[in-house]
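Trainee: What follows is a structure written as C-alpha cells; I'll ask about it next.
The values are calculated or read from the model by the stated rules, or taken from the named source; none is laboratory data. Just so you know, these numbers come straight off a predicted model, no measurement behind them. Methodologically, a virtual Cβ is constructed for each residue, glycine included, from the backbone with ideal geometry; neighbour enumeration extends over all protein chains shown. Calculation scope for accessible area: heavy atoms of the full protein, side chains included, ligands and nucleic acids excluded. Shrake-Rupley method; radii C 1.70, N 1.55, O 1.52, S 1.80 Å.
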Amino acid sequence: MCQHETKTCGRCNAPFECKVGNITQCQCAGIQLSDEEKQYIAANYADCLCRNCLLAIQKEAKHRPALEKLEQLQSTLKAR
C-alpha cells in the first residue's frame, strides 16, 4: 500500500507530494546529499523539503567554502 502525502516545504512553502510509501518515486529520489548537508537540513527543518530546495541547499554547500574565503579576504583588506 503506497502512502503519498501532500506536504509544504519548510524552506519555500511550496506544496509537494511526498511518496514515503514508494521512495523510488518520490521527488527527492536521486538527490545524494553529503553528511554536512543532511546535518544542516536536520538542524534547520522539521520535515521534508521540496526537490528545488534540496538542490539549492546542495548548490549553496558547494559554493560555501569559496564564499567563506572571499569574506575572509574582504575582512583582511578592510582591516588594512
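Trainee: Please tell me if Glu36 is among the acidic types (Asp, Glu) and loosely packed, with under 12 Cβ neighbours inside 10 Å.
Mentor: On the way: among the acidic types (Asp, Glu): yes; loosely packed, with under 12 Cβ neighbours inside 10 Å: yes.
Yes.
Trainee: Here's another thing I want to ask about it. Answer yes or no: is there a residue in the stretch 24-33 that is farther than 28 Å from Pro65 by Cα, loosely packed, with under 14 Cβ neighbours inside 10 Å and modelled with pLDDT under 90.
Mentor: Yes, the stretch 24-33 contains a residue that is farther than 28 Å from Pro65 by Cα, loosely packed, with under 14 Cβ neighbours inside 10 Å and modelled with pLDDT under 90.
Trainee: Continuing with this model, one more query. Out of the residues in the stretch 10-43 that are touching a residue at least 24 places away in the same chain (Cβ under 8 Å) and part of a helix (DSSP H, G or I), state the one that is farthest from Gln58 (Cα to Cα).
Mentor: Glu36
Trainee: Among the residues that make up the stretch 60-75, is at least one of them open to solvent by 100 Å² or more (accessible area, probe 1.4 Å), part of a helix (DSSP H, G or I) and touching a residue at least 12 places away in the same chain (Cβ under 8 Å)?
Mentor: No, every residue in the stretch 60-75 fails to be open to solvent by 100 Å² or more (accessible area, probe 1.4 Å), part of a helix (DSSP H, G or I) and touching a residue at least 12 places away in the same chain (Cβ under 8 Å).
Trainee: Looking at (1) within 12 Å of the chain's Cα centre (by Cα); (2) in contact (Cβ under 8 Å) with a residue 40 or more places away in the chain, can you tell me which one Lys7 breaks?
Mentor: With (1) within 12 Å of the chain's Cα centre (by Cα); (2) in contact (Cβ under 8 Å) with a residue 40 or more places away in the chain applied to Lys7, the lone miss is (1).
Trainee: When only residues in the stretch 44-55 that are free of Cβ contacts under 8 Å to residues at least 40 places away in the same chain and in a helix (DSSP H, G or I) count, which is least open to solvent (accessible area, probe 1.4 Å)?
Mentor: The residue in question is Leu54.
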